[in-house]
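Take a look at the structure below.
The values are calculated or read from the model by the stated rules, or taken from the named source; none is laboratory data. Just so it is clear, the model here is predicted, and its values are computed rather than measured. Here the Cβ positions follow ideal geometry from the backbone for every residue, glycine too, while neighbour counts run over all protein chains shown.
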Amino acid sequence: MLKPKRKITKKEIQRDPFIENIFTFKKHINQKKSIYTKMIIGVFAVFILSYLYTNNRSSNLEVAETLMSKAMIYVDLDDNDNARIYLQEVIDEYGNTDAGLNANYYLGRIYFIAGEYEMALPHFERYAKKGKNPLLSLSTYQGLVSIYKSKQDLPNAIKYQKISREKANSKKEKAWVSLGLAELTLANGDRNGAIKLISNVLENYEDNFELKQKAEEISGKMYGEKRD
């Protein structure tokens, strides 16, 4: 014989763990509603700002590249007056972009070739710090070496010659830069350091006539005589 079903009282429903959790969660949401609303608005605002920043940055990069392209046309035509105008505009408006950094190199080179070393120096130094193109960087370091040599600032000339050696694209290029460093080191009074650099090149490039000749030329200056 079937037993009659027991009725579930309201009190028992309220004590049901699942039901109690729902009630607790609902109560928590109601109490913290303003806080959660602010959090959602904050997240949404960050998303919007990130989206706008990304779009704006993308637009800036395009404009910078367009201006840089115009500048390079004048660079190729050796129209330095117009090249300077466009390169300076890229630097002033978009200095932190790749185009802005490259503009520093090319503007520095224009001033350097014209013999305006003081004008070239800050542009080369900016590119040396943040530039990413290996070929432009090596050219920049050598430009800085020449500028500091002209200023009789041998410590800084040596500094950039060492960086140039570290960044050399090949062993042969590194050897040539090492000989340049030997000359600077000798001029700065470090004879032993110069001998070490020269010896290293001679040991590794016995069969390279040009490198050997240059190394012996520096050695001749060191010992106060020229060797054949």
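Overview of results
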read-out: Residue that is surrounded by fewer than 16 Cβ atoms within 10 Å (Cβ to Cβ), in a helix (DSSP H, G or I) and at pLDDT below 90, where the choices are LYS196, LYS221, LYS172; value: LYS221
read-out: Filter result for GLU166 (of a type in the set (Asp, Glu), farther than 26 Å from ASN96 by Cα and free of Cβ contacts under 8 Å to residues at least 24 places away in the same chain); value: no
read-out: Candidate set: the range 93-129, residues that are acidic (Asp, Glu) and at pLDDT 95 or above; chosen: the one surrounded by the fewest Cβ atoms within 10 Å (Cβ to Cβ); value: GLU118
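Okay, residues lined up against (1) β-branched (Val, Ile, Thr); (2) in a helix (DSSP H, G or I); (3) in the same structural domain as SER219 (by TED's automatic domain parsing):
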residue: GLU125; (1), (2), (3): no, yes, no
residue: TYR160; (1), (2), (3): no, yes, yes
residue: ARG165; (1), (2), (3): no, yes, yes
residue: LEU181; (1), (2), (3): no, yes, yes
residue: THR185; (1), (2), (3): yes, yes, yes
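Matching residues to (1) in a helix (DSSP H, G or I); (2) small (Gly, Ala, Ser); (3) out of contact with any Lys or Arg (no Cβ under 7 Å at 6 or more places or on another chain):
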{"site": "MET72", "(1), (2), (3)": "yes, no, yes"}
{"site": "VAL75", "(1), (2), (3)": "yes, no, yes"}
{"site": "ASP81", "(1), (2), (3)": "yes, no, yes"}
{"site": "ILE85", "(1), (2), (3)": "yes, no, yes"}
{"site": "GLN88", "(1), (2), (3)": "yes, no, yes"}
{"site": "GLU93", "(1), (2), (3)": "yes, no, yes"}
{"site": "ASN96", "(1), (2), (3)": "no, no, yes"}
{"site": "TYR105", "(1), (2), (3)": "yes, no, yes"}
{"site": "ILE110", "(1), (2), (3)": "yes, no, no"}
